[in-house]
Amino acid sequence: MAEWSNWTGDQRCVPARIERPSDRGDLIESVKRAADHGLTARAVGSGHSFTDVACTGGVLLQMDGLDRVLDVQRDAGLVKVEAGIPLRALSELIWGHGLALENLGDIDKQTVSGAVATGTHGTGSKFRNLSSLIDAIELVLPDGTLLEVSSSSEPDLLPAARIGLGALGVIATVTLRTIPAFTVRRTDSPLPLAETLERLQRLADGSDHFEFYVFPYTEVALLRQSERTDEEPDPRNPALEFGQEVILENWVMGAIARAGRRFPSRIPRLARFVSSQLAKSVKQDRSYRVFASRRLVRFTEMEYAIPRHHAGEAIPRVLEAAERADPPVGFPIEVRFVAGDDSILSPAQDRDTCYIAVHQYQGMAWESYFRSVEAIMDDYGGRPHWGKRHFQTAGTLADRYPRFDHFLAARERLDPEGTFRNEYLDRVLGPTKSILRAAPS
């Protein structure tokens, strides 16, 4: 049997079967066949989650064959796509129709279904996460039924289905709301950390899209301020782009990370060196080309969503935890902002949110550091990004989501026998009632 692993190679499973459906008909048959044989079924996209959310010992459905744009309604701004299309490919295709997604995260290798199912987000205090753009979604249920969930069909299920963790069914198609294509002008510039924190709320609201990075052991933040503009894209010279985004941001950073892994005691010095080299740069291009960054250096990550007004207090505490970590931390802390939304399992549900992400280089110990940061996030009612490392369980999460029981009810209705369950869902949602009924007393 073949083994599957995620992007960073630290989540692995050996499914009973790996199937690659090529269209919705194939997908329906795969799901129904798994259920008929008493096997669980999990869909997987590009493997960019750091948790075991996709892992299964049953049938693993590799979705890369379902990668087509099915319908474009330019006047209505609606685009219907198959679940396995990568975000980058989708963005390029709809740009040809004069359309774009209003916001994106900083990685665009994920499939659409994987991104929305785990609550992927970008940054911008006026913008919600990617799943909030869903107008309709089609789910394949265990008996092979293709269920459309939208504002006009099963509207009560839509807040649950937008971020479903694969617990409600396998996503076959997604219809997204788009806007006219636009250009983004991004300015990266260093600013003293103390001044960044002092001006944090004003900075968050002062740009269409704002985020910043800061290395532990340093006192300088790298601000990333992006504005939407009516100007034409003005891409950088390809050689300059390669030098900045591949050589400097990946090859050089990769070499520094490897040096830190081999000689951990040097990490603070290396971090201060990198911080001292931060300089202003500008990029103006198609929106999706600016939002996303190339990620060639492998790492593992944890990210938490906390109420925005706690950001100024929480960030210094996270930096202190990073500076106490053993081994030392050679990756920056990333801070982003999003608007609240109404999806049941959204980390930004019903509150304007600050996301704080921490990372550790591939092959280095991370658990103690991440647990110390998670303890800080717990103080603020933090909600974890579903596709990134965390140690929460259904017992610790239920009170953080006001309608958690509504999601469980939707799960019980659509998957009463637990066809889509796995260890991750049992941990964060609890086992389905059918499993509890079957358990020995």
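The values are calculated or read from the model by the stated rules, or taken from the named source; none is laboratory data. A quick note: this is a predicted structure, and the numbers were derived from the prediction, not measured. Don't worry about glycine lacking a Cβ; one is built from the backbone with ideal geometry, like all the others, and counts go over all protein chains shown. Ligands, DNA and RNA are excluded from the accessible area calculation, which covers all protein heavy atoms including side chains. Shrake-Rupley method; radii C 1.70, N 1.55, O 1.52, S 1.80 Å.
Using only alpha carbon positions, build the gyration tensor of the chain, then give the equivalent ellipsoid semi-axes as the square roots of 5 times its eigenvalues, largest first, whole angstrom.
Working: eigenvalues 237, 132, 87 Å².
Largest first, the chain gives 34, 26, 21 Å.
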Would you mind checking which residues have amide H under 5 Å from F299's amide H? H placed 1.01 Å from N; only 5 or more apart, or other chain. Q362
Solvent-accessible area per residue for region 140-190 (1.4 angstrom probe, square angstrom): 32
Scan around D208 for amide H atoms under 5 Å from its own, H built in the peptide plane at 1.01 Å from N, and keep only partners 5 or more places away or cross-chain. S226, R228
For the pair K433 and S276, the simple spin-label estimate (label points 7 Å beyond Cα toward Cβ) gives in nm 6.4
What nm distance separates the two modelled labels at E313 and W251, each placed 7 Å from Cα along Cα→Cβ? 4.7
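Can you tell me which of 356-363, 198-205, 388-395, 369-376 comes out highest on packing, and rank the rest after it, using the mean Cβ neighbours within 10 Å?
On the way: 356-363: 22.2, 198-205: 15.9, 388-395: 17.5, 369-376: 19.1.
The packing order, highest mean first, is 356-363, 369-376, 388-395, 198-205.
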Under 25 Å between alpha carbons, and skipping anything fewer than 8 positions from K283 in its own chain: which lysines qualify? K109, K126
Mind grabbing the accessible area of I18 for me, 1.4 Å probe, Å², rounded to tens? 50
Ratio of region 164-210's C-alpha Rg to 2.2 N^0.38 Å, to two decimals? 1.94
Is region 1-76 best put as rounded, prolate or oblate by its Cα gyration tensor, with a ≥ b ≥ c the root eigenvalues, rounded for a/c under 1.5, and otherwise prolate when a/b is larger than b/c, oblate when not? oblate
Can you give the charge dipole size of region 158-270 about its Cα centre, rounded to the nearest 20 debye, using +1 on the beta carbon of Lys and Arg and -1 on the beta carbon of Asp and Glu? 720
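Using the Cα centre of the chain as the reference point, and only Cβ charges (+1 on K/R, -1 on D/E), how large is the resulting charge dipole? Debye, rounded to the nearest 20.
With Lys and Arg at +1 and Asp and Glu at -1, about 1040 debye.
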Sequence-distant aspartates and glutamates (8 or more away, or on other chains) whose Cα lies within less than 16 Å of K433: D405, E412, D415, E417, E423
Could you check what % of the DSSP bridge pairs in region 1-152 are antiparallel, to the nearest 5? 65
For the chain, just give the cysteines left without a disulfide-compatible partner, judged by no other Cys Cβ under 4.7 Å. C354
Size of the dipole of region 28-106 about the Cα centre, Lys and Arg at +1 and Asp and Glu at -1 on the beta carbon, nothing else charged, in debye to 20? 180
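Suppose accessible area is computed on protein heavy atoms with a 1.4 Å probe; arrange E231, E19 from highest to lowest. Write down the numbers at each step before the final one.
On the way: E231 105, E19 25 Å².
These residues rank, largest area first, as E231, E19.
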Tail weight of P(r) past 16 Å, computed on alpha-carbon pairs of region 302-386, percent: 48
Take the solvent-accessible surface of the protein heavy atoms, probe 1.4 Å, and return the percent of it on the chain that carbon and sulfur atoms account for. 50
Apply the Karplus curve 6.51 cos²θ - 1.76 cosθ + 1.60, θ = phi - 60°, to the phi angles in region 235-241 and return the couplings in whole Hz, x for Gly and Pro. x, 5, 3, x, 5, 5, 4
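Leaving out ligands and nucleic acids, and using a 1.4 Å probe, what accessible area per residue does region 289-366 come to in Å²? Intermediate values should be presented prior to the final figure.
On the way: 2430 Å² over 78 residues.
Heavy-atom accessible area per residue stands at 31 Å².
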Positive-end residue, region 116-261 charge dipole about Cα centroid, Cβ charges, pick of T187, M253, H209: M253
Could you work out the per residue convex hull volume over the alpha carbons of region 111-200, in cubic angstrom? 143
Length gained, R68-D378, 0.36 nm per residue minus C-alpha separation, equals 107.5 nm
When the distances between all Cα atoms of region 185-265 are binned every 10 Å from zero, what whole-number percent does each bin get? 15, 34, 34, 16, 1
Pair E241, D156: separation of 7 Å Cα→Cβ label points (nm): 4.9
